[in-house]
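Engineer: The structure is given below, and queries will be raised subsequently.
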């Protein structure tokens, strides 16, 4: 039983893993596949392998990577369907949109996984349980009841990911500090992220055959066995320590929106552009990055595209970006006269993590009022907290008409996942 003590639990991460994602999307789209063993395949030939299988197929011992000919031997009634990657991307963005209604996403880890850092007001058992259940309920009602997820909560992202695999499908697992590392003893070595076929062979050669043997090693020994510092990091992460991850350099943060016909007039579309800008800036602050440039891309109804960009001295506050957007919009759209806007994309570019700023960052430059910049940044963070506590758009910078505000929950994050056309 988990106590409601945030000090003893040390819970900081919520991880969402979508169960048998491609297969689940197919079952959501095609009622005739529901409740049946089925596999998603890349090409229609028995010599290929399944790239996803339903839970009904898993009951027959079929899994991702199983050759189709073998799957048909294990389960003669299995249904094989050709992958529809564009639909999986479409559902991915719908899923991001829904999750963001309940908690801001910190990182999109893959097409079927996201991680969210819990804020101070979200780390009680009561609150994070409410968030987890609201995510599941929202997905069922707004994305589809066959698109299910498992949610893990833990002191670090690594353990939260492990927790999602401990109860599937549709699971909810909490790993608190008091559970560690004993609760991990029932796992197989391959259940740990970072242990694939080759690493498992290396561990076996070192006499590490199960989790008990792995957990018995000290950090230095595990690093030596692993052959890299990653072994030492895993030792700490398995004990609930939040180890600084070597992040891939985040290059951009962006949002886009396809305009409803009634909003395509440029005098209305500017409000949508502002809202996208505010969302991108809020996300930038949550990730604790600064941006050096703003890019605006507008697709118009005749098929053309208008694009522009503007550089800035490393900024994080909404006011700076809104001023830049107004100037870009005037140069691209207002002066073009009469264009109808089909899609808007806003991108914050040339990002630098706050932890990587040089000591001279806050030197006063001739064209930058850094005192005002710091005040604007503080104000922006206060607005973030108010909107997080009382709901999105509880407070806005400037006036956003209700009609334009109606789209504001839609979010498409630029990442390795393709955008929806």
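Each reported figure results from applying straightforward, stated rules to the coordinates on display, with no laboratory input. Because the structure is a prediction, the values reported are computed rather than measured. A quick note on method: Cβ atoms are made from the backbone with ideal geometry, for glycine too, and the neighbour counts reach across all protein chains shown.
Engineer: How big is the stretch 107-173 by the Kirkwood estimate over distinct Cα pairs, in Å?
Structural biologist: Radius from the Kirkwood sum: 12.4 Å.
Engineer: Over the Cα atoms of the stretch 167-271, what is the Rg over Rh ratio if Rh follows Kirkwood?
Structural biologist: 1.27
Engineer: Return the equivalent ellipsoid semi-axes of the stretch 1-176 as a descending list in whole Å, where each equals the square root of 5 times an eigenvalue of the C-alpha gyration tensor.
Structural biologist: 33, 16, 13
Engineer: Per residue, how big is the convex hull around the C-alpha atoms of the stretch 60-124? Give it to me in cubic angstrom, could you?
Structural biologist: Cα-based convex hull of the stretch 60-124, divided per residue, equals 138 Å³.
Engineer: Jot down the radius of gyration and Dmax of the stretch 260-309, Cα atoms only, both in angstrom.
Structural biologist: Final numbers for Rg and Dmax: 13.1, 38 Å.
Engineer: Give the residues of the stretch 302-319 whose amide nitrogen is closer than 17 Å to a point set 7 Å from the Cα of residue 350 in the direction of its Cβ.
Structural biologist: 308-317
Engineer: Plugging the Kirkwood radius over Cα pairs into Stokes-Einstein for the stretch 124-217, at a temperature of 10 °C and a viscosity of 1.306 mPa s, what D comes out in µm²/s?
Structural biologist: So the translational diffusion coefficient is about 107 µm²/s.
Engineer: Could you sort the peptides 40-47, 231-238 by per-residue average Cβ neighbour count (10 Å cutoff), highest mean leading?
Structural biologist: For the peptides 40-47, 231-238, the packing ranking is 231-238, 40-47.
Engineer: Let me ask something additional. Could you compute Rg(Cα) / (2.2 N^0.38 Å) for the stretch 182-237, with N its residue count?
Structural biologist: 0.99
Engineer: Could you sort 184-194, 102-112 so that the peptide with the highest average Cβ count within 10 Å comes first and the rest follow in order?
Structural biologist: With the highest mean Cβ count within 10 Å placed first, the list reads 102-112, 184-194.
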